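This report refers to the structure that appears directly beneath it.
Just so it is clear, none of the values below were taken in a lab; they were calculated from the coordinates. Note that the structure is predicted; figures quoted are calculated from it, not measured. We place every Cβ from the backbone using ideal geometry, glycine too, and count neighbours over all the protein chains shown.
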Amino acid sequence: MKLKIVRWLLVILVTMTLLTGLIYEMTVWGPRRLSVEIVTLNDSLIPTNFEGVNVLFFSDAHYNKFMDKDRFSDVVSRINQLGPDIVIFGGDLFDHPSVEYPSTDIQDELIALLSTIVAPLGKYAVVGNHDLESPRTKQMTINVLQAGGFEVLINQNIPIYNKDESFIRLVGLDSQLLGDPNIESAYQGVNENEFVITVSHTPDIIDDLPSSTNWVLAGHSHGGQIRLPIFNEIYTVPYARNYVSKEHIVNGIRLNISNGIGTTRWDIRLMADPQIHLYTLSSGR
């Protein structure tokens, strides 16, 4: 009888320990364990003067809810430690700003943090669905990004130069959710002889993109934010249901989806760590 009681007590103790560890993983370690994905991207269309150029991508900050100054400062420090040449932000700067509109102090705080990100070949951004909750939040987000040194691209493209006349092309699309992506306008003047990076907050738009783009960067999904073994994501969001995380090749186009750095609804992550990504460009020659 005593042995049975001891066994049951051990089972209860192990179960409680595992549950405690899981809760800590989801609420403390998971949301703050920033991972860095470092990849070399080879494409023969990359100009030789972009050989070794580093492109850093991060997305989904969701500032002013769970993401605060201390947590974002850690992200900025990690970005600058990596020494990127180009930095791209994939949208959702604030978390539900129409519900809790960021104060002037919060906006200034984030501008100061964004301003400290160093990228000699430029800092660029698109907007996400949270940024587009109202005309007021859209303009405020654009103002904060621009004041932080980011050029915001909405259905437009620009060339990025490095020392000489050769360039790569950057296309920025509006968000499918709450936005109005105009593919024809975004790709105006783009040709298939250029190396073209497309940035879209929502990944599912890749099914509609022209072959003139080589590479698509997206966020929005948070990698599911909560993933379970076997079942994978337990919840997906509109326009990130066909492609939720990691890398895909779609119609010959490379798609990389970031888990983002922030959280929304709940400050929890499980098997979907926050991410930033560093891509080293190479022509493969």
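What the table below lists for this structure:
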{"read-out": "Pairs of lysine residues in segment 1-152 - Cα separation under 27 Å, sequence separation of 8 or more or cross-chain", "value": "5"}
{"read-out": "Segment 208-285 and segment 53-107: distance between their alpha carbon centers, rounded to Å", "value": "17 Å"}
{"read-out": "Radius of gyration, Dmax [segment 235-285; alpha carbons; angstrom]", "value": "13.9, 46"}
{"read-out": "Assigned charges on the beta-carbon of Lys, Arg, Asp, Glu; the chain dipole about Cα centre (debye)", "value": "1400 debye"}
{"read-out": "On Cα atoms only, tilt of 2-24 relative to the major axis of the chain in degrees", "value": "20 degrees"}
{"read-out": "Whole-percent pair-distance distribution, where bins are 5 Å wide, for the alpha carbons of the chain", "value": "1, 6, 12, 16, 18, 16, 12, 7, 4, 2, 2, 2, 1, 1, 0, 0, 0"}
{"read-out": "Check: segment 129-271 dipole with +1 on Lys, Arg Cβ and -1 on Asp, Glu Cβ, in debye", "value": "540 debye"}
{"read-out": "Degrees between helix 69-82 axis and first principal axis of the chain (Cα, 0 to 90, nearest 10)", "value": "50 degrees"}
{"read-out": "Packing-based ranking, highest mean first, of 121-131, 242-252 given that Cβ atoms within 10 Å are counted", "value": "121-131, 242-252"}
{"read-out": "Assigned charges on the beta-carbon of Lys, Arg, Asp, Glu; segment 41-163 dipole about Cα centre (debye)", "value": "240 debye"}
{"read-out": "Farthest positive-ward along the chain dipole, Cα basis, beta-carbon charges - from Ile23, Leu114, Gln139", "value": "Ile23"}
{"read-out": "Segment 43-178: C-alpha pair distances exceeding 25 Å, %", "value": "27 percent"}
{"read-out": "Helix 104-115 vs. the chain, principal-axis angle (Cα, 0 to 90°, nearest 10)", "value": "70 degrees"}
{"read-out": "Highest to lowest packing among 36-44, 180-188, scored as the average C-beta count within 10 Å", "value": "180-188, 36-44"}
{"read-out": "Relative contact order for segment 35-282, counting Cα pairs under 8 Å that sit 6 or more residues apart, in percent", "value": "26 percent"}
{"read-out": "Surrounding net charge for Ala186, when Lys and Arg each add one and Asp and Glu each subtract one, Cβ distance under 13 Å", "value": "-3"}
{"read-out": "By average C-beta atoms within 10 angstrom, highest first, the peptides 222-228, 149-155, 90-96", "value": "90-96, 222-228, 149-155"}
{"read-out": "Among Gln156, Met271, Ala218 the positive-end extreme of the charge dipole of the chain (Cβ point charges)", "value": "Met271"}
